[in-house]
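The values are calculated or read from the model by the stated rules, or taken from the named source; none is laboratory data. Being a predicted model, the structure only gives us computed values, none of them experimental. Glycine gets a Cβ as well: all are built from the backbone with ideal geometry, and neighbour counts include every protein chain shown. SASA here: full protein model, heavy atoms, side chains in, ligands and nucleic acids out. Shrake-Rupley method; radii C 1.70, N 1.55, O 1.52, S 1.80 Å.
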Amino acid sequence: MNTESLLKDALAAEADMLGDTGDPWTGFERRERRHRNQRRARIGGAAVVVAAAVGVQAGVVPLPGWAPGITVAGFNAVLNQGPVRGSLAGDKAFLEDMRRQFKDVEDPGETWRIADRNQIQFVYAADVGDRRLVLALVPLRFGFLEDRALIWYDGEAGSPASRMTEGGRSDGGETVMTYSQRSADGPGVLVVVAPQGSTVAVSEGFRYTPDGRVEHNPADVQPAGTGLAELVLPAVKSPPETKITVTDGADILYEGGAGGGWSSNSEQRLDEFPEATVAKARNGRPFDLETLTRWANAALQDARIGADGTALTVRWTGTVNGQPAALLTVHPQGGGVLAYAFHGAAGAYRQDLRLLLPAEGADERPIAWRMRAEDGDDRTDTVIVTGPAGATRLTMQQGTAAPVQLTLDATGAATASVPPAEEAHVTAYGENGSEMGTTPVPPFEYDSGGIPGDTPKTRVVG
């Protein structure tokens, strides 16, 4: 069995353990390709040593046109299969002008030059709403190394090629490309380009249900088999939560958000907790109000909810890694409860936990979170455990081992050691020894771009 098969099997086994999460291999491939830009730098550094004598890799001496290149990593490009799509697909003069507008790609410490402009393959070109968009697969070369990138260029609708500028790029092996520009001040656009024969569905908006799940609004399914979505969407007062699903028959090719941005030219601020609300939730704790306010509003923004109708509770304050730390919950009206843990200061802090809980019994649950290394993203064995109000005893059970009692500090928290891959549960007991609640220790989260609760790693229910 080869390495790829072994990895596929391992990912499938983890998915089975976590429940119905879909095929993890597709997502892994997509994330792995996104890391290739970083790997290019490392590979390029090694190639510089090999080619230093002639100065080719460093770009001092031009690479002869006949010299073969070394492909950084193999992939099969899929979006360049078939004809160009979009309303400008037949505008050959415009596309030929665009060929001359693509710029070399500047990565830190290196320049990936366009190897051959005649080999640029256009994937999509259209005017959508007030935007003109072009997507192309571009061949790149850095010394002896070769790669390809999918690059968006954008401009105002009707712009000549000379007015188009780069609007984003990704690895050439991506199966689905998205473009989104939204605004609080006017209509925005969303474009999804997927393999021909696939079907795109777009859902905007969601709610947290009382049982601790995320319920997305019904999806707008685009014409079947086109592999394309071109939408002009209304103004939104805050960054929207968009879920895109691309299917090919029973296979899910992509499930996630839209790359792009949101802007506002108005003086309208995002709906935030005022300091008075945070001060009340602090409930007399000696904790810096500015810091706590910053963290509470960071939780609102991460959860994509507003302060209006949302209850804020400061569950715990203390110290983590020698820095101020807090656990707080935000509870949107009629929804589940979202727990967030932070440590640091107002201007420089780290979010250690985001977890969606069922509303019923949330106040009686102990909550624990795993810690990453202070100066990086390496996983550690350290777990912080906090009990609910009124808890007199906390225990932890790792795997099938017998529960062990935790030693609480003066703040009502405990520190435990759990291997990163080990499952664990924490239980809180009250004055009379009765069990108050049990909560699993969440696993480390790897993709924090979506909303909490949208994956099994960020919710308590299955």
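Sort the following peptides by mean Cβ neighbour count (other Cβ atoms within 10 Å, averaged over residues), highest first: 205-216, 324-335.
Descending mean neighbour count gives 324-335, 205-216.
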Rounded to a whole number, what is D in µm²/s for the stretch 81-222 from Stokes-Einstein with the Kirkwood radius over alpha-carbon pairs (37 °C, 0.692 mPa s)?
195 µm²/s
Set the Förster radius R0 to 25 Å, insert the Cβ-Cβ distance between Asp116 and Thr165 as r into 1/(1 + (r/R0)^6), and round the FRET efficiency to 0.05.
0.70
Residues Ala298 and Ser434, FRET efficiency given R0 of 35 Å [Cβ-Cβ distance, rounded to 0.05]
0.50
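Which translational diffusion coefficient, to the nearest whole µm²/s, is obtained for the stretch 155-195 from the Stokes-Einstein equation, given a Kirkwood hydrodynamic radius over C-alpha pairs, 37 °C and 0.692 mPa s?
266 µm²/s
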Using a Förster radius of 35 Å, what is the FRET efficiency between Asp185 and Ala219 based on their Cβ-Cβ separation? Nearest 0.05, please.
0.85
Ignoring any ligand, DNA or RNA, what whole percent of the accessible area of the stretch 389-462 comes from carbon and sulfur when the probe is 1.4 angstrom?
50 percent
³J(HN,Hα) computed for each position of the stretch 231-241 - Karplus, 6.51 cos²θ - 1.76 cosθ + 1.60, integer Hz, glycine/proline x
10, 9, 10, x, 4, 10, 6, 8, x, x, 9
To the nearest 10 square angstrom, what accessible area does Thr438 show with a 1.4 Å probe?
50 Å²
Per residue of the stretch 323-331, what does 6.51 cos²θ - 1.76 cosθ + 1.60 with θ = phi - 60° give for ³J(HN,Hα)? Whole Hz please, x for Gly and Pro, Karplus curve as stated.
10, x, 9, 8, 10, 9, 10, 10, 10
Rank-order 229-236, 365-372, 405-412, 120-127 by packing density, defined as the average count of other C-beta atoms within 10 Å over each peptide's residues, highest first.
365-372, 120-127, 229-236, 405-412
Per the 1.4 Å probe, what fraction of the accessible area of the stretch 222-342, in percent, lies on carbon and sulfur atoms?
47 percent
What does the C-alpha gyration tensor say about the overall shape of the stretch 186-331? Classify as rounded when a/c is under 1.5, otherwise prolate if a/b is larger than b/c, or oblate.
prolate
Can you give me the % of accessible surface on the stretch 126-191 that is carbon or sulfur? Probe 1.4 Å, all protein chains present, nothing else counted.
42 percent
Taking Rh as the Kirkwood radius computed over alpha-carbon pairs of the stretch 325-364 and applying Stokes-Einstein at 20 °C with viscosity 1.002 mPa s, one gets a diffusion coefficient in µm² s⁻¹ of 196 µm²/s
Accessible area of the stretch 200-305 divided out per residue, in Å², using a probe of 1.4 angstrom
54 Å²
Counting only protein heavy atoms and rolling a 1.4 Å probe, one gets per residue an accessible area for the stretch 324-461 in Å² of 44 Å²
Arrange the residues Tyr429, Tyr340, Tyr254, Tyr446 by how much accessible surface each exposes, largest first, with a 1.4 angstrom probe.
Tyr446, Tyr429, Tyr254, Tyr340
